[in-house]
Amino acid sequence: MSVRSRLRATVPAPLPSSQAGPPEITGPPGRRLLVQRSDDEILARPLDDAFAARAGATVRFPAPWPRRRGTWEVAPDATLAVFAGVHAVRAVDPSGAALWEVRHGCWSGGCEEIHESYESYADRRDHRYSESGSVGFSADGRLVWAHVRGPLSEGELSPDTADEWLVIDAEDGRVLARADAEAVAAGSAHLPHPTDPAQMGLSIGEGQDGAPLRWGRWDGKELTVDCLDDDLCLLSLSPSGDRLMTVSHDQDALAVRDSRGAVVEALDWGAGAAIPRHPEAPADEDELPVCWDWAGGFLDETTLIASTTESDEDCGQYRHWLVDTTTAHGFVPVDYPSPVSCEPTALGGGFWSTLSPSRDVVHVWSADGPEG
């Protein structure tokens with residue numbers, strides 16, 4: 001049994017792949033954006049309900065530093081872009097003007113400087129391969145949550161704090177709250193609660209050392225951080241925000257949890273037990289390792305899209321899976337009209353996306369019923 005996929009839209013990248021990173025669709029239904037980053041700018045293009053670009057609505061944000069030097073996020077209304085760099089978090093409007101900046105400790109290992117500008121380390125060999133933090137907008141776009149390397153320019157929380165988690169006013173850059181992230185990151189990603197601006201998820205990668213998962217709540221005065229686990233990757237939130245999709249750091253266990261980290265409805269799947277043998281696996285290979293990708297997400301409140309492309313690579317065609325979380329073993333492979341070459345990205349509303357092999361076109365899919 002498999003599920004047929006139906007191609008709903010083909011969205012071309014606005015910038016050539018030779019000049020920019022891959023395009024991605026961000027935002028919830030009704031507020032979707034096609035976003036692509038080059039060294040010089042971020043291009044954001046609002047999309048309608050059919051994933052077509054709205055005429056004359058493209059917004060460009062000049063970038064303060066090259067794309068290899070950090071991460072970025074565009075506000076839900078595409079009026080602001082925030083860049084999380086090696087030395088600072090900076091908000092930029094479409095004119096390129098820096099609206100505000102929060103300087104912090106340097107993400108380059110061993111550097112204890114508080115840099116005044118990107119130019120002060122741009123050509124230094126010891127800063128070529130820095131770790132990075134991330135930023136995320138709240139659901140209403142009024143807050144920017146930032147994961148940074150401490151200390152801030154005005155001082156540190158404590159001598160033992162490495163990484164900090166900040167809540168920033170998106171309009172003027174005021175740091176409203178800060179807390180110890182209790183991590184030493186190589187990278188991270190923010191996942192906002194879809195309806196509550198006061199809540200945010202933070203998935204942190206520490207390389208081989210672990211994957212701390214943090215959940216933040218801002219009550220207008222204080223930032224409370226729950227340390228849900230030190231070995232989980234947060235991939236997606238359900239439309240209600242009540243459920244979290246996670247994969248363990250070792251990529252064996254896919255689970256659905258609540259915002260306190262507890263597994264809900266006894267849903268917990270080990271890859272080795274849940275995923276059938278790849279049909280193209282060599283007959284003489286009795287035990288091939290199978291693992292979940294750190295990719296996928298909620299299509300609706302109870303359905304996930306997941307994948308096993310990393311472990312499928314040596315066997316042949318990549319496999320994606322539709323997961324019904326209301327049943328104990330609700331894994332069904334997705335049947336595409338032609339082989340896919342990447343992991344899926346959940347878009348909500350029953351849709352997910354993949355990139356073309358040349359990574360310059362986004363394909364949008366939905367399920368189109370089962371087949372034998």
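Report yes if some residue within region 69-90 is over 22 Å from the mean Cα position of the chain (by Cα) and surrounded by fewer than 19 Cβ atoms within 10 Å (Cβ to Cβ); otherwise report no. The answer is no; no qualifying residue exists.
Show me the strands (runs of 3 or more DSSP E) found entirely inside region 255-370 where at least 2 residues are surrounded by fewer than 20 Cβ atoms within 10 Å (Cβ to Cβ). Don't jump to the end; show me each part of the working.
On the way: elements: 263-270, 303-307, 320-324, 331-335, 345-348, 351-355.
Where strands (runs of 3 or more DSSP E) fall fully within region 255-370 and carry at least 2 residues being surrounded by fewer than 20 Cβ atoms within 10 Å (Cβ to Cβ), they are 263-270, 331-335.
Looking across region 38-54 at every residue that is under 27 Å from Ala186 (Cβ atoms) and part of a loop (DSSP other than H, G, I, E, B), the one that is most open to solvent (accessible area, probe 1.4 Å) is identified as Asp40.
Looking only at region 243-254, which residues are surrounded by fewer than 16 Cβ atoms within 10 Å (Cβ to Cβ) and under 23 Å from Ala198 (Cα atoms)? Passing the criteria: none in range. For first residues located in region 88-115 and within 16 Å of Asp126 (Cβ to Cβ), partners that are of a type in the set (Asp, Glu) and part of a loop (DSSP other than H, G, I, E, B) and lie 6+ apart or on another chain with Cβ distances below 7 Å form the pairs Cys106/Glu113; Trp107/Glu131; Gly109/Glu131.
Yes/no matrix, rows are residues, columns are (1) over 23 Å from Leu347 (Cα atoms); (2) free of Cβ contacts under 8 Å to residues at least 12 places away in the same chain; (3) charged (D, E, K, R); (4) crowded, with 19+ Cβ neighbours inside 10 Å:
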{"position": "Ala13", "(1), (2), (3), (4)": "no, no, no, yes"}
{"position": "Leu33", "(1), (2), (3), (4)": "no, no, no, yes"}
{"position": "Gln36", "(1), (2), (3), (4)": "no, no, no, yes"}
{"position": "Gly56", "(1), (2), (3), (4)": "yes, yes, no, no"}
{"position": "Pro62", "(1), (2), (3), (4)": "yes, no, no, no"}
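Do the conditions hold for Ser108, that is, is it open to solvent by less than 70 Å² (accessible area, probe 1.4 Å), more than 21 Å from Val144 (Cα to Cα) and touching a His at 6+ places or on another chain (Cβ under 6 Å)?
Values: open to solvent by less than 70 Å² (accessible area, probe 1.4 Å): yes; more than 21 Å from Val144 (Cα to Cα): yes; touching a His at 6+ places or on another chain (Cβ under 6 Å): yes.
In short, yes.
Inspection of region 196-216 finds a residue satisfying the criterion of being assigned to a loop (DSSP other than H, G, I, E, B) and in contact (Cβ under 8 Å) with a residue 60 or more places away in the chain. Can you tell me which residue in region 126-180 is nearest to Asp219 (Cα to Cα), limited to those that are crowded, with 19+ Cβ neighbours inside 10 Å and among the acidic types (Asp, Glu)? Looking at residues that are crowded, with 19+ Cβ neighbours inside 10 Å and among the acidic types (Asp, Glu), I get Glu164.
Restricting attention to region 314-372, the residues that are among the charged types (D, E, K, R), modelled with pLDDT under 95 and over 23 Å from the mean Cα position of the chain (by Cα) add up to 3. The single condition among (1) in contact with a Ser or Thr (Cβ under 9 Å, 6 or more places away or on another chain); (2) at negative phi that Trp100 does not satisfy is (1). Taking the criterion of being under 19 Å from Gly330 (Cβ atoms), open to solvent by 10 Å² or more (accessible area, probe 1.4 Å) and part of a loop (DSSP other than H, G, I, E, B), would at least one residue in region 222-236 satisfy it? Scanning region 222-236 turns up no residue that is under 19 Å from Gly330 (Cβ atoms), open to solvent by 10 Å² or more (accessible area, probe 1.4 Å) and part of a loop (DSSP other than H, G, I, E, B).
The values are calculated or read from the model by the stated rules, or taken from the named source; none is laboratory data. In this text, all values refer to a predicted model and were calculated from it rather than measured experimentally. A quick note on method: Cβ atoms are made from the backbone with ideal geometry, for glycine too, and the neighbour counts reach across all protein chains shown. All accessible areas refer to the heavy atoms of the entire protein, side chains included, with ligands and DNA or RNA removed. Shrake-Rupley method; radii C 1.70, N 1.55, O 1.52, S 1.80 Å.
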